[in-house]
Amino acid sequence: MLRVAVVGSGPSGCYTAQQLVQQDPEVRVDVLDRLPCPYGLVRYGVAPDHEKIKSLQASLRTVLEHERVRFLGGVRVGGPGGVPVKVLRGLYDAVVYCVGAATDRHLGIPGEELPGCWSATEFVAWYSAHPDAADAGFLRDVRSAVVIGAGNVAVDVTRMLMRGAAELRPTDMPQGALDTLAESGVGEVRMVARRGPAQARFTTKELRELGTLPGTQVLVEPGDLALDPAGPETLPAVQRRNLEVLRGWAEQPPSGIDRHIRLRFFLRPVELLADGGRVGAVRFERTAPDGRGGVTGTGRYEEVPAQLVLRSVGYRGVPLEGLPFDEASGTVPHLAGRVVRDGVASPGEYVAGWIKRGPSGVIGTNRPCAKETVASLLADASEPARSDVPEDAVPALLAAGIEPVVWDGWLAIERAEAELGARLGRGVVKLADWDTLLAVARSSQPPSQPRP
Ligand code: NAP
């Protein structure tokens, strides 16, 4: 019987576990996560007001509750205090790394380090109650914000900045973030793209949603739309629909509403300017289409005031000690999901999800990605089985001082979050710090007895 470890319990990890149990009637799968909570970016990345996407947790849950799948939270792989990759490899017949893209890309421009400039990932982690996130005072004295980038994460953070208390209250957002966002004085958010509307990465449904926020008007400069030389008929469907939505907003008469989302295009950030020791404005260079989908600088500059700047220019994978890593793409080199070391596929080591293909695509993209990896794994597994794999990896983890949080521990966290919400007169409210999460999880399982 095959024993497989899947590292990461986000969508790619869960879909990998699902494919394994569907395709092999005997396999046993341990899904490891460094956090005590499962679901990865579905819990810590999908915006709190996107209940429908969040409800995907229900289907991921059925995977983690499968009789041949076991969730082992609180287990770090690699790095200080973590289980070394080599050790983990010895505990299982195969290991599939589904560790995502854990950091964000930088702009590489002067002033990026100023207080008041954050990555969208840091902001998202804070309002999503990620236990590594802290309230960095994101919204202190902020009247206008700039979001740099034109992907769906940029749309998410723009929307969250403009949502009111009534809309945030039903979400599972931690109380501190809810209070801060509800009381914020942000009256204007500019979402700024370096290329044109036809090259923006956001999807139409997400774009349209910006126009549905109560008490907020979306403004688009007609000149930004006219700049793009490509006729709509030459564009793929998503971009064509995006342009239609943007044109509709550009043609709207002024409404008298004083809270605005301004969507700007053809502006490349060149510097963040300080004001009183923190960011006060962003200097952009106006760009122009180069006819090949890219842009060139025009030598004309524009300064936009902002006390908060969120760079939302994409995620990036981080190297996992002991695994090969391609710096250029931020991914682990692979062949159909098989980790490639020194040019050859390494037996028993696999990748799926963003660490395999880079940070793109929607949650569903992870299904075919996991399927390909699992096909490779099961094809390789027909080779002679290893005899040195222990029946259960947990005793070795315990011996190494790592006490996993099992499914009962996670269920205790779920109950505590429902109780907290009830006390606050809300629905479920997420717990946001390591100590509380671990104390609640451990209260449900006797020490050193992780198998229920
Ligand atoms: P993304 O889609 O790759 O968008 C990144 C944006 O940053 C692009 O507009 C890019 O512009 C811009 N950018 C990159 N480098 C820049 C620079 N140096 N200066 C200025 N702009 C720069 O990334 P994302 O928004 O982080 O999303 C990641 C993935 O998650 C995507 O597949 C997204 O669809 C998905 N996601 C989906 C949802 C949803 O379905 N609701 C929600 C969130 C995220 P260029 O195009 O010019 O490079």
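The values are calculated or read from the model by the stated rules, or taken from the named source; none is laboratory data. Note that the coordinates shown come from a computational prediction; the quantities given were computed from them, not determined experimentally. Heads up, the Cβs are rebuilt from the backbone with ideal geometry, glycines too, and the neighbour counts pull from every protein chain shown. To get the accessible areas, we keep the full protein, side chains included, count just its heavy atoms, and leave off ligands, DNA and RNA. Shrake-Rupley method; radii C 1.70, N 1.55, O 1.52, S 1.80 Å.
Calculate, in whole percent, how much of the Cα-Cα pair population of the chain lies beyond 37 Å. Summing the P(r) tail past 37 Å for the chain gives 31 percent.
The value for region 104-315 of Rg(Cα) / (2.2 N^0.38 Å) is 0.99. The magnitude of the dipole of the chain, with charges of +1 and -1 set on the Cβ of Lys/Arg and Asp/Glu and taken from the Cα centre, is near 680 debye. The angle between the Cα long axis of helix 407-423 and the longest principal axis of the Cα atoms of the chain comes to about 40 degrees, rounded to the nearest 10. From most to least packed by mean Cβ count within 10 Å, the peptides 5-15, 121-131 give 5-15, 121-131.
Computed extension length for residue 300-residue 66: 78.3 nm, one decimal, from 0.36 nm per residue of separation with the Cα-Cα distance subtracted. Antiparallel versus total DSSP beta bridges in region 104-315: what percent is that, nearest 5? Restricted to region 104-315, the bridges split so that about 45 percent are antiparallel. If R0 is taken as 56 Å, the Cβ-Cβ distance between residue 414 and residue 288 corresponds to a FRET efficiency of 0.60. If the only charges are +1 at each Lys and Arg Cβ and -1 at each Asp and Glu Cβ, what is the size of the charge dipole of region 104-315 around the Cα centre, to the nearest 20 debye? Around 540 debye, computed over region 104-315.
For residue 31, the amide hydrogen comes within under 5 Å of the amide hydrogens of 6, 70, 71, 72, counting only partners 5 or more places away or on other chains and with H modelled in the peptide plane. Of the residues 310, 298, 263, the one whose Cα sits farthest towards the positive end of the charge dipole of region 248-347 is 263 (charges of +1 on Lys and Arg Cβ, -1 on Asp and Glu Cβ, taken about the Cα centre). Pairs with C-alpha atoms separated by more than 27 Å, drawn from the list 54/356; 86/356; 52/371; 54/86, are 54/86. Which of the listed residues, 81, 199, 189, is farthest toward the dipole's positive end in region 61-208, when Lys, Arg count +1 and Asp, Glu count -1 at the beta-carbon? Highest projection toward the positive end goes to 199. Among 346, 389, 319, whose Cα sits farthest toward the positive end of the charge dipole of region 253-409 (+1 at Cβ of Lys/Arg, -1 at Cβ of Asp/Glu, about the Cα centre)? Result: 319.
Peptides 142-155, 213-226 ranked from most to least packed, by the mean per-residue count of other Cβ atoms within 10 Å: 142-155, 213-226.
Between residue 165 and residue 226, the contour length at 0.36 nm per residue exceeds the Cα-Cα span by 18.3 nm.
Treating only the Cα positions of region 92-161 as identical point scatterers, give the base-10 log of I(q)/I(0) from the Debye formula at each q in 0.12, 0.17, 0.22, 0.23 Å⁻¹. Listed by q, the Debye log ratios stand at -0.41, -0.73, -1.15, -1.25. Looking at the chain, send over the antiparallel percent of its DSSP beta bridges, to the nearest 5. The answer is about 40 percent antiparallel. Give me the percent of the accessible area of the chain that comes from carbon and sulfur atoms, probe 1.4 Å, all protein chains in place. Answer for the chain is 53 percent, counting heavy atoms of protein chains only.
Computed from phi, the 3J(HN,Hα) profile of region 186-202 under the Karplus parametrisation 6.51, -1.76, 1.60 (θ = phi - 60°) reads 5, x, 8, 10, 9, 9, 10, 10, 7, 10, x, x, 6, 9, 5, 8, 5 Hz, with x in place of Gly and Pro. Modelled this way, with points 7 Å down the Cα-to-C-beta line, the labels at residue 375 and residue 388 are 3.2 nm from one another. Between residue 112 and residue 326, the C-beta separation translates, for a Förster distance of 30 Å, into a calculated FRET efficiency of about 0.75.
Label sites at residue 179 and residue 252, each approximated as a point 7 angstrom past Cα along Cα to Cβ, lie 3.3 nm apart.
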